[in-house]
Amino acid sequence: MTQAPLHYRELVEVAALLASRALSAAELMEHVLARVDSLEGGLHAFACIDREGAMRQARRADRMLANGQGGVLEGVPVAVKDLFHTADLPTAAGMPIHRDFRPARDATVVRRLREAGAINFAKTQMTEGAFAIHHPAIAAPVNPWGDALWTGASSSGSGVGVAAGLAFASLGSDTGGSIRFPCAANGLTGLKPSWGRVSRHGAFELAASLDHVGPIARSARDVALLYTLIAGHDPEDPTSWAQSVAGAADQADVRGLVVGVDPHWNSEGCDAAVVRAVDEMQASLVALGAQVREIALPDLTPACRHWELLAGTEAALAHEATYPARAAEYGPALSRLIDGGRAASAMDYQRALADRMVLTGGLDASLGQIDVLLAPVQPYAAPTLERLGELAADPEANARLIAYTSPFNLSGHPTLCLPGRPTDEGAPIGVQLVAARGREDLLLRAGIAVQRETAWHSAHPCLP
């Protein structure tokens with residue numbers, strides 16, 4: 001197999017090259033920055049870039065490595081979504097209203113990456129406040145697989161930057177699907193951990209009880225390494241779990257793993273290419289020794305229809321300091337969400353909470369019968385921007401778009417997005433695996449095993 005160009009290599013490969021000193025951190029950073037200079041003008045992946053700081057950090061990494069020191073990611077260039085606080089770069093959360101905000105210190109997850117030696121040289125662009133669309137004043141990221149294709153909601157810049165070879169990994173957030181959507185849209189692997197597994201301290205809120213923080217990268221191996229670095233208890237986030245984090249063995253084996261599928265749920269209203277991608281992922285797992293068990297999931301629709309009410313109510317609280325006082329500076333989508341939350345009655349909210357509890361209990365019961373659940377990420381294969389605009393104008397169609405992602409934000413279960421077989425036109429498609437809370441190890445074990453035997457995750461867009 002032909003070796004991928006340096007900028008498309010997996011994070012774990014690049015870290016090994018740096019650790020062995022076969023490649024210097026300064027050389028690598030220069031290579032990445034040259035690529036950014038060449039492509040960023042057409043992709044708009046980044047909200048801001050710190051070139052001088054990046055080279056300064058790279059030279060420091062080379063000194064650390066020369067002395068036999070440094071962390072497991074020493075000298076590896078990464079980027080983080082612009083909702084994570086960074087002491088050396090502004091944090092705007094995709095909102096012009098916050099363009100001059102400079103945090104006093106890093107978010108916990110950013111600090112943990114830095115402690116591992118990673119060079120965070122840029123902040124990735126995102127939708128306004130991490131909701132549906134980009135603020136009208138911001139140039140939206142462009143999908144490197146095709147400029148007519150969706151980039152995947154709020155972690156859009158993270159997906160575009162990694163897919164285009166402008167960074168080796170990124171951190172994203174997922175409130176209704178915004179780690180999984182950009183991974184599916186850009187041919188990447190991403191993990192939405194269990195709620196509470198990864199600290200949200202220093203992350204701009206959209207909806208606190210729905211927000212999840214996780215890694216986006218090129219492979220399940222990369223994601224597993226990043227997850228072990230950022231997960232774990234954080235005294236500054238009282239919702240973070242105190243339990244230790246189970247890792248994923250590099251020599252992953254899925255023999256005997258029970259994979260649950262709900263054939264009706266996995267196909268109802270789905271494009272043929274999505275069904276094919278899920279079926280082929282199932283076949284890959286079976287070929288590796290996994291067992292398939294058909295299950296019938298509970299009706300997830302009632303709770304999922306409440307997702308926007310819950311997100312809007314929590315977003316209204318998160319934006320209380322600036323909305324409605326500065327409502328004129330907000331874009332239409334985020335304004336609509338917050339207005340809906342502010343208008344919700346206590347009875348509406350309690351009804352939504354009750355349905356959410358039913359959904360969570362039902363999913364707990366279903367996942368208790370199996371090891372992992374296999375499902376689509378979205379029913380539509382790589383939607384074009386034109387089709388997405390039609391979906392956004394149709395509440396029923398929009399609810400359908402998040403039907404496979406939002407249940408697991410409501411319930412807090414972990415999900416792993418993996419690239420599957422693309423459309424016949426070559427556009428990426430993602431599938432997801434879901435497990436019981438705290439069983440990220442099962443997801444990563446399965447993802448690593450599948451990617452040892454398939455090449456969907458190693459494809460990259462045709463860029464210079």
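Structure notes:
- Restricting 122, 139 to those that are at pLDDT 95 or above and surrounded by fewer than 24 Cβ atoms within 10 Å (Cβ to Cβ) reduces the list to 139.
- Enumerated helices (runs of 4 or more DSSP H) restricted to region 22-119, each holding at least 1 residues that are hydroxyl-bearing (Ser, Thr, Tyr): 25-43, 108-115
- Yes/no for residue 459 being out of contact with any strand residue (DSSP E or B) (no Cβ under 6 Å at 6 or more places or on another chain), small (Gly, Ala, Ser), crowded, with 19+ Cβ neighbours inside 10 Å and more than 30 Å from residue 305 (Cβ to Cβ): no
- Flag if residue 440 is touching a helix residue (DSSP H, G or I) at 6+ places or on another chain (Cβ under 7 Å) and crowded, with 22+ Cβ neighbours inside 10 Å: yes
- Leading residue by the ranking (farthest from the chain's Cα centre (by Cα)) among those in region 406-444 that are of a type in the set (D, E, K, R) and closer than 19 Å to residue 454 by Cβ: 424
- If you check 173, 194 for being assigned to a loop (DSSP other than H, G, I, E, B) and touching a His at 6+ places or on another chain (Cβ under 7 Å), only one passes: 194.
- Checking 205, 236 one by one, the residue that is in contact with a His (Cβ under 7 Å, 6 or more places away or on another chain), outside any helix (DSSP H, G or I), surrounded by fewer than 24 Cβ atoms within 10 Å (Cβ to Cβ) and at pLDDT 95 or above is 236 and no other.
- Residue 146, sole failed condition from (1) touching a strand residue (DSSP E or B) at 6+ places or on another chain (Cβ under 7 Å); (2) surrounded by fewer than 24 Cβ atoms within 10 Å (Cβ to Cβ): (1)
- Among the residues making up region 364-401, those that are outside any loop (DSSP other than H, G, I, E, B), buried (at least 18 other Cβ atoms within 10 Å of the Cβ), of a type in the set (A, V, I, L, M) and modelled with pLDDT of 80 or more are 367, 372, 373, 374, 375, 401.
- Single unsatisfied condition, residue 256 versus (1) closer than 28 Å to residue 185 by Cβ; (2) exposed (fewer than 14 other Cβ atoms within 10 Å of the Cβ): (1)
- Considering only residues in region 413-437 that are among the small types (Gly, Ala, Ser), in contact with a strand residue (DSSP E or B) (Cβ under 8 Å, 6 or more places away or on another chain) and not in a strand (DSSP E or B), the one that is surrounded by the fewest Cβ atoms within 10 Å (Cβ to Cβ) turns out to be 427.
The values are calculated or read from the model by the stated rules, or taken from the named source; none is laboratory data. These figures come from a predicted structure and were not determined experimentally. Note that we place each Cβ from the backbone using ideal geometry, even for glycine, and neighbour counts take in every protein chain shown.
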